[in-house]
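Heads up, the thing below is written out as structure tokens.
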Amino acid sequence: TAAECPLCGEASGRELEEHVRARHGHLLGAPGPDTGNGEQLYDCPMCSLTCANIQILEEHVDLHLEEHNFSEGTIRDLELAQQLQTEEDERQRLEEEKREREEFKKLQRQYGLDKSGGFKQQFLKNMEREVDRGRMQPFEYHKRKADMMESLASGIDDGETKTSGVIGALCNYYENEKKDVRRVWLSAEVDHFHSSLGDRGWGCGYRNFQMLLSSLLQNSFYNDCLRDTTLIPSIPKIQSMIEDAWREGFDPLGASHFNNRLHGSKAWIGACEIYSLLTSLRIKCQIIDFHKPTGPMGTHPRLFEWILHYYSKDNDGGAKVVCTSKPPIYLQHQGHSRTVVGIEEKKNKSLCLLLFDPGCSSQQMQKLLKQNSDGTGLKLLRKFVGSLKEKQYQIVAVDGVLSLEEKAARCGASQVLTSEKIP
């Protein structure tokens, strides 16, 4: 590397000491002032020091040169280190941006916001895969495709994933159960809906809404506000209904999260979308947020107590089995939702929720219609306090009908929508 000469400032390709001696050697031997007694002094060309003889001067200049070389090297090392650090910072910044883009795309795919199509596209793709694997005959593919297209055109669910009559079967079972159930409260009749080829992996929120709606449609109290919804809507239709609620002004913040569009996507929905949709139909409901565990080991006993109060209020007679008129409850946690259809109180006073899960197939649910006396099939529904240990739960509970004025007021309030939190 070319070194800069401290005497002339020029950069030389040769070693600095060699350059100084070759270019400025005459200065090293240049005599200084006479001492007056005949001794010659020699001035350092690089500082103000005066030396008594030429050897001392050369040794002194050598020290200057060594110091200059060290200084130059230190500066070059520092510049190189700074350059390397700048390059490393830029590399890390680009990698972080890449990771953020990939994580964002992953979240978009996970929550169905990657524009990869919706119910129809997934249904057809999964059926084609079934045919390729020999698990579906071509004639069945074409029949189911035609049924699916008819369902989409009408906006009515095809009922292929529905199981009815489970609540009645549970009532009969508990009437004869003698083992460990002290009391049990059951919701009003509700149909179970499970995920299909078109919504597997993302449709639980929509299926739980279908369950809740199936119960409301069987209750004459809700006839007036559901006069335009007399049959269970398909998932694409539910998506359009939520979009209609957003257009009315419900939950603009939540709507913006989905870019105001659900139809044609695989977007997950949660408690806020269910609340907005129900309220837009003039169905009175509330969101309750159990935002942190209230028991040991990350459990939520207050969630169980709230649900017990919901079902037992006005239904606290002496009967062991109480078949209430209460609609089921929508239960949400991170990544999944289910429907609460009842609660058991054991003889030891512990509580156990009864849940309909959209992940359970029709075949599994059908077994509950022929419940054995030992109750082993109920493992599918039962969830004890120790079984629900997510960090946070939300429920949407229905409690009546709204007037037009009350609906308008809730629409305005939902623009700063907050759920009630259980401390």
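Distance between the modelled labels on residue 230 and residue 53, one decimal in nanometres: 12.5 nm (7 Å Cα→Cβ projection).
Taking a straight Cα-Cα cut-off under 17 Å and skipping sequence neighbours fewer than 8 places away in the same chain, the lysines within cross-link reach of residue 145 are 120, 125. Among bridges DSSP assigns within the stretch 163-421, what percent are antiparallel (round to 5)? So the antiparallel bridges amount to about 85 percent of the total.
Tell me, what is the FRET efficiency for residue 349 and residue 139 to the nearest 0.05, using R0 = 56 angstrom and their Cβ-Cβ distance as r? After rounding, the FRET efficiency stands at 0.50. The simple Förster model, with R0 at 30 Å and r as the Cβ-Cβ distance, assigns residue 380 and residue 116 a FRET efficiency of 0.40. Extending each Cα 7 Å along its Cβ direction at residue 361 and residue 60, get the distance between those two points in nm, one decimal. It works out to 9.9 nm between the two label points.
Grab the beta carbon distance between residue 324 and residue 158, set R0 = 45 Å, and tell me the FRET efficiency rounded to 0.05.
Given R0 = 45 Å and the Cβ-Cβ separation, E is 0.90.
Each peptide in 132-143, 252-263 receives the mean, over its residues, of other Cβ atoms within 10 Å, and ordering these scores from highest gives 252-263, 132-143.
Tell me, what is the percent relative contact order of the stretch 163-421, built from C-alpha pairs under 8 Å that lie six or more residues apart?
This gives 32 percent for the stretch 163-421.
Extending 7 Å from Cα along the Cβ direction at residue 77 and again at residue 313 yields two label points whose distance is 7.6 nm. Full extension of the chain between residue 219 and residue 257 gives 10.3 nm of extra length, using 0.36 nm per residue less the Cα-Cα distance.
Where a number appears in this text, it was derived from the coordinates with a stated rule and is not lab data. Since we're looking at a predicted model, the values are computed, not measured. Virtual Cβ from ideal backbone geometry, glycine too; neighbours counted across all protein chains shown.
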